[in-house]
Ligand code: FES
Ligand code: FES
């Protein structure tokens with residue numbers, strides 16, 4: 001669908017959309033019946049365990065598997081040699097799952113075993129003897145970018161592997177026109193998505209080369225294509241079923257253990273289950289990029305922004321692909337600046353390969369830019385919301401990354417923030433108040449769905465996008481809305497890779513938008529067929545039939561005088577009017593609508609410990625249309641709290657030896673219930689013209705503003721401007737005492 | 001390693017199993033008894049996804065040995081609903097949309113039930129501190145706290 005396609009009926013009376021029904025998978029999830037990645041067992045199943053590098057960077061001299069193989073109960077031991085030679089496109093992917101000639105980070109997989117029990121598998125893994133020759137390593141982004149830095153891997157000449165540039169106008173000229181300039185450098189440490197469910201899968205390959213995988217993933221079609229390519233199989237030989245998924249946030253959009261489980265199953269001739277330990281999850285999956293960002297902005301005395309320049313350095317592990325391009329695109333996306341430039345450098349480091357994390361790359365860029373904007377407000381002595389209202393992007397603004405915006409909701413969220421009781425509430429002694437905004441693109445992508453009208457008038461809906469947070473409810477709502485039947489009549493399942501056409505992974509906040517679009521299309525196609533059956537029954541042309549409120553009606557007096565036929569009535573007769581009735585949709589969805597949010601935060605810094613307590617928090621965001629408002633609020637709250645965790649505590653800590661120091665929830669501290677207040681939300685609905693119900697993605701944007709919002713509140717509370725994330729107690733304390741942490 | 005024979009009660013049913021001396025109660029429940037409603041998030045006592053009760057006391061089952069179940073009464077998420085009748089907490093979690101991915105939900109429900117047995121009228125702060133050992137990465141806790149408070153109100157009234 002072209003970008004400019006305008007859907008009608010955006011403002012309409014919805015019957016099901018916008019209500020808050022109980023989700024269809026809810027009962028299973030409150031009773032313990034729902035089956036997640038690690039909950040599957042198969043007859044004859046054995047257990048896999050992965051052997052991991054203890055070096056940040058080393059050459060593998062030899063791997064001796066003989067002792068492990070000799071242990072009774074061990075069915076297979078594999079190394080990289082057990083995988084077929086790879087085509088160019090898959091080498092990096094497999095390298096990250098199983099090292100080839102060198103290990104590139106602490107925790108890099110080097111071998112795997114499968115044995116008849118978990119404890120035997122652990123013992124066998126400990127018997128695999130790997131000889132390494134240690135090589136120089138580097139884990140810090142600025143150190144990796146410096147001249148003379150140790151090279152992250154053999155065969156490269158520099159750790160800086162790519163550069164991206166976005167912008168328009170002439171920044172030199174812009175700065176020359178500026179009366180006030182703010183210039184600063186900001187850093188952020190890597191964080192992990194922190195989903196509570198570790199990666200888990202069961203792979204089962206028969207002697208005929210046909211295989212099945214069960215796994216927790218945001219994209220089972222991606223798992224099928226990737227694993228099939230790595231193992232030299234055809235797509236039809238491998239069927240992947242997505243389990244219930246215990247959180248992903250972008251971290252389950254690639255393969256980690258699935259190719260290994262498949263290779264072990266092939267060698268052992270048995271189903272193999274692999275469940276990552278939490279330590280492995282931290283060591284070898286996720287995380288985000290760490291970053292270092294230089295920002296310079298210039299404004300006139302009257303508060304008009306005239307120039308913006310940002311240089312972003314992101315490291316995303318040893319393979320590149322730090323997604324710094326997205327950071328550079330998102331950096332100034334909230335502003336209308338005549339002269340703007342963002343340059344992003346993609347830098348290698350001896351760390352695991354980055355995985356997407358909720359609005360990937362945008363939170364760091366927003367921290368830097370929003371913090372600079374706040375400082376500009378202080379210099380100009382203007383209100384931070386008035387300043388943003390003056391300079392914000394609107395419909396018709398040429399965005400800093402290229403396209404010209406259509407209808408967008410940034411100004412509305414800023415105005416709503418200004419009008420919000422939180423903004424005008426008196427601030428208790430010792431607390432500070434912060435505000436910042438954020439942006440995310442949102443995606444569409446390849447999507448396919450199928451909808452069957454059952455003979456009893458109920459509807460079965462198959463979607464190909466895993467449900468990571470209540471999306472089945474939203475799918476059922478959209479199908480019910482389009483068909484004109486009650487929500488309870490529709491049941492949605494996430495179908496396996498053999499049952500539907502290709503679906504892109506659930507990411508970029510695309511599911512409610514793109515999968516929803518496919519569901520509505522499927523429902524509309526089913527409606528056409530229902531109308532055909534009615535026309536046939538009444539013996540009138542199909543053009544003379546219209547569908548409303550869940551029934552076929554003769555369209556106007558000329559069509560004839562027939563009593564309406566409900567969906568259930570047509571379905572009951574379908575066997576004698578031409579057979580089953582269904583609808584399908586296969587699309588490459590375009591027209592995703594960008595989304596913006598503004599957050600307000602109150603915080604109090606303990607002067608003795610440097611610990612920050614968030615005392616009040618408000619999220620205001622444009623959802624386009626909230627299909628199920630509870631889950632939209634839930635996305636706002638969850639995303640904001642992940643951002644608060646990033647702002648205050650979460651970080652990857654590497655030692656001098658290049659090894660990860662805090663691979664567990666005790667030392668990598670995510671927010672707990674007692675750290676937080678209630679998270680207030682306000683949903684704005686500025687419809688996305690690219691979707692029939694006006695949906696924009698909602699899941700990504702809420703993690704973007706918190707870093708700068710919290711930093712602003714900390715400044716208000718204790719007077720310190722923090723330029724390094726996380727703003728953990730030791731760092732804040734050091735700032736208060738006038739030294740570096 | 002020779003296995004131990006253990007007799008216990010799980011959700012009111014008499015149960016016997018064999019386990020290794022160093023095997024956790026969580027692994028026994030999940031792998032030997034098929035009770036996969038108890039979840040593993042960390043295996044080190046840091047996430048609460050594996051919460052169960054032993055003789056009514058809330059514990060992380062990853063920190064308890066299977067052998068310690070001998071002669072005890074174990075309660076898991078699978079025992080919370082009575083037949084078709086959901087527990088008030090389960091109903092309130094659904095009504096308030098207090099779960100997104102749902103992986104933390106069994107542990108939080110078991111922990112919240114233990115809280116309300118001990119303190120039927122908790123303040124928001126008390127709920128937050130009681131549940132501080134149960135990580136949820138999806139929700140930001142807001143709707144979870146509301147669901148527990150609402151369930152407490154309804155249970156006091158009933
Ligand atoms: S699995 Fe027991 S506390 Fe995390
Ligand atoms: S709902 Fe996903 S971790 Fe709590």
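Only the coordinates and a few stated rules stand behind these numbers; no lab work does. Just so it is clear, the structure is predicted and the values come from calculations on it, not from any experiment. We place every Cβ from the backbone using ideal geometry, glycine too, and count neighbours over all the protein chains shown.
In percent, rounded to a whole number, the relative contact order of chain A is 16, using alpha-carbon pairs under 8 Å and six or more apart. For residue A:407 and residue A:734, a Förster radius of 45 Å and the Cβ-Cβ distance give a FRET efficiency of 0.50, rounded to the nearest 0.05.
P(r) for the stretch B:4-79, from all Cα pairs and a bin width of 5 Å, is 3, 19, 32, 30, 13, 3 %, short bins first. How much mean residue ellipticity at 222 nm does chain A get from its helices, if each DSSP H run of length 4 or more adds -39500 (n - 2.57) and you divide by all residues, to the nearest 500 deg cm²/dmol? After summing the helix terms and dividing by residue count, I get -8000 deg cm²/dmol. Spacing of the modelled spin labels on residue A:425 and residue A:488, each 7 Å from Cα toward Cβ, amounts to 3.9 nm. Distance between the pseudo-spin-label points of residue A:294 and residue B:7 (7 Å out from Cα toward the beta carbon): 7.6 nm. Given their separation in residues at 0.36 nm each and the Cα-Cα distance between them, residue A:163 and residue A:576 gain 142.3 nm when the chain is fully extended. Taken along its three principal axes, the alpha carbon spread of the stretch A:87-129 comes to 36, 19, 13 Å, from the longest extent down to the shortest. With the simple spin-label model, which puts each label point 7 Å out from Cα in the Cβ direction, the residue A:721 to residue A:183 separation comes to 1.4 nm. Over the stretch A:553-706, the pair-distance histogram of Cα-Cα distances with 5 Å bins from zero comes to 2, 7, 12, 12, 10, 10, 9, 9, 7, 5, 5, 4, 3, 2, 1, 1, 0 percent, rounded to whole numbers. Counted over the stretch A:407-510, the DSSP beta bridges are approximately 50% antiparallel. With the convex hull of its Cα atoms as the shape, the stretch B:88-156 has an orientation-averaged projected area of 3.8 nm². Volume per residue for the protein assembly as shown equals 180 cubic angstrom (convex hull of Cα atoms).
Once the Cα-Cα distance is subtracted from the 0.36 nm per residue extended length, the residue A:100 to residue A:235 segment shows a gain of 46.1 nm. Estimated at 0.36 nm per residue, the fully extended path between residue A:81 and residue A:386 surpasses their Cα-Cα distance by 103.6 nm. Taking only the Cα atoms of the stretch A:205-307, the ratio Rg/Rh comes out at 1.29, with Rh defined as the Kirkwood radius.
Bridge orientation summary for chain A: considering DSSP beta bridges with both residues in this region, about 75 percent are antiparallel.
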